[in-house]
Amino acid sequence: MSETSPAPSLAVQRSAPARPELSIVVPVHNEADNLPLLVERLKSVLTGAVSSWEMICVDDGSRDGSLSVLRLLNASDPRINAVSFSRNFGKEIAIAAGLDHASGDAVVIMDADLQHPPETILTFLAKWREGYLNIYGQRADRSGESRLKRGFAKAFYRVFASFGETELPEGAGDFRLLDRRVVDALRALPERARFSKGLYAWVGFPSTGVTFEVAERQHGVTKFSFRKLFSFAFDGLSSFSTVPLKVATWTGVIIALISTFSAMFFLLRTLLYGTDLPGFPSLIVSIMFFSGIQLISLGLIGEYVGRIFAEVKRRPLYLIGERVGFNARAVDHPRGDALPPLIR
Ligand code: UDP
Ligand code: MG
């Protein structure tokens, strides 16, 4: 290839809408009261800090009029865009959709409830300009959360570290800044089970943490119950590790060994001392114990088969009901392509 080859596409690139320097992706589920406040705080932080920015709110099936609030916000500032799902798909998928629609050179992901202080974005930007590509916010302390929740979180990180092949930085959540290269890498991951905390760590790239204080939720209540957090934790473990399956295998091997030795013991005892009938309770107990283990192992395999089933169905990750804003720029989102592009 010659070094001085002309670039005929340059004129086209110039006339196309410029990519903003920063995109802010916000998953939104019933946050109508928080959104105007969030936009206000973001505007005052971002003015002067970046040359241009856009905001992408993903309305994840809200029922409190969040979408009309977003429409109003877009009317007063076209940098605020919104994607509205056809129903609630969950925060992880909302983030994936936000990344699909973001066009900035860097993308910040943050919650809508102002628990992630917008001021921390300035530190993220400083680290990004130093050359880090994957910058995660780390909670300074979890004192705002109940002791039980903190205990479970700690246990989860410990189990994940010993089971998974991927290391999770402790206290890192979804509040982070990702360089375009990291975003493209994440978007190229095809899986439907999106444990994004694990995916961010899995893609790698030069990473660093920035501590921040978790603020109080401004309005409304948390959407994550204990049940949801548990199933989230199991999703994380099962999509990053096959160790639970191996546990079943090893338990089986150990029990088989024990039963071989006990069979030999009973055989010898019978040969030497003859038979006697007692032992009924121990028989029942051991039958119950082994059927329990078998059921647990079957259930574990079932969980993985279920996940394989969800992946092979190849359904789109999300369905979009409506897009607000985007200045009619084409949005390329391979995972939601079941619907024709709906640009309003
Ligand atoms: N969220 C979402 N879909 C859901 C649940 C939550 O998009 O099904 C959003 C929510 O609007 C917020 C963020 O995810 O912006 C974090 O949710 P929340 O504050 O309830 O969680 P917590 O901070 O308690 O972990
Ligand atoms: Mg919150």
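Can you work out the FRET efficiency for the pair Leu295 and Asp184, with r the C-beta to C-beta distance and R0 = 45 Å, to the nearest 0.05? Write out the running numbers ahead of the final one.
On the way: r = 44 Å, r/R0 = 0.97.
So the FRET efficiency works out to roughly 0.55.
Could you sort 254-263, 309-318, 52-61 so that the peptide with the highest average Cβ count within 10 Å comes first and the rest follow in order? Could the numbers behind the result be given before it?
Numbers: 254-263: 10.5, 309-318: 12.8, 52-61: 24.8.
Final packing ranking: 52-61, 309-318, 254-263.
Which of Arg192, Arg323, Arg63 ends up with the largest GNM mean-square fluctuation for the chain, with Cα atoms connected below 10 Å?
For the chain, modelled as a Gaussian network with Cα springs under 10 Å, the answer is Arg63.
Indicate the gyration tensor shape class of region 190-251 (rounded, prolate or oblate), computed on the Cα atoms with a ≥ b ≥ c the square roots of the eigenvalues: a/c under 1.5 is rounded; otherwise a/b larger than b/c is prolate and the rest oblate. Don't skip to the end; give the middle numbers.
Values: a/c = 2.46, a/b = 1.43, b/c = 1.72.
Cα axes put region 190-251 in the oblate bin.
Suppose R0 equals 25 Å; then what is the FRET efficiency for Met288 and Leu267 from their Cβ-Cβ distance, rounded to the nearest 0.05? Working shown, then result.
Details: r = 24 Å, r/R0 = 0.96.
E(calc), rounded to 0.05, equals 0.55.
Quick check: the distance between the Cα centres of region 38-67 and region 119-194, to the nearest angstrom?
Cα centroid to Cα centroid, the span is 21 Å.
Kirkwood hydrodynamic radius, computed over distinct alpha-carbon pairs, for region 9-161: how many Å, to one decimal? It would help to have the intermediate numbers written out before the result.
Working: mean 1/r = 0.0588 Å⁻¹.
About 17.0 Å for region 9-161.
To one decimal place, what Kirkwood hydrodynamic radius in Å is obtained for the chain from all pairs of distinct Cα atoms?
Details: mean 1/r = 0.0431 Å⁻¹.
With all distinct Cα pairs of the chain included, I get 23.2 Å.
Sequence neighbours fewer than 8 away in the same chain don't count; with that in mind, list the aspartates and glutamates whose C-alpha is under 18 Å from Lys246.
Of all the aspartates and glutamates, those that pass the test against Lys246 - Cα under 18 Å, at least 8 places apart if same chain - are Glu165, Asp235, Glu303.
Can you pull a Stokes-Einstein diffusion coefficient for region 96-230 at 25 °C (0.890 mPa s), Rh from Kirkwood over Cα pairs, as a whole number of µm²/s? Please report the intermediate quantities before stating the final value.
On the way: Rh = 15.9 Å.
The diffusion coefficient I find is 155 µm²/s.
If only Cα atoms are counted, what is the Rg of region 260-319, and what is its Dmax, in Å?
When restricted to the Cα atoms of region 260-319, Rg and Dmax are 22.2, 73 Å.
Taking each full run of DSSP H in the chain as one helix, which ones are at least 27 Å long along their axis (Cα atoms) and have mean Kyte-Doolittle hydropathy of at least 0.5? Mind showing how you got there, number by number?
Working: long enough: 243-273 (44 Å, 1.54); 280-312 (48 Å, 1.42).
Within the chain the helices that satisfy the rule are 243-273, 280-312.
Exposure proxy check: Arg79, Arg217 ranked by fewest other beta carbons within 10 Å?
Values: Arg79 20, Arg217 16.
With the fewest neighbours first, Arg79, Arg217 line up as Arg217, Arg79.
Name the lysines eligible as straight-distance cross-link partners of Lys154: C-alpha to C-alpha under 22 Å, and not fewer than 8 places from it in the same chain.
Candidates past the 8-residue exclusion: Lys91, Lys197, Lys223, Lys228.
Run the simple label-point estimate for Ala140 and Thr275 please: 7 Å along Cα→C-beta, distance reported in nm.
Between Ala140 and Thr275, the label points sit 7.4 nm apart.
Taken together, the values in this text are just the output of simple stated rules run on the coordinates, not laboratory data. Note that the coordinates shown come from a computational prediction; the quantities given were computed from them, not determined experimentally. So basically every Cβ, Gly included, is an ideal-geometry build from the backbone, and we count neighbours across all protein chains shown.
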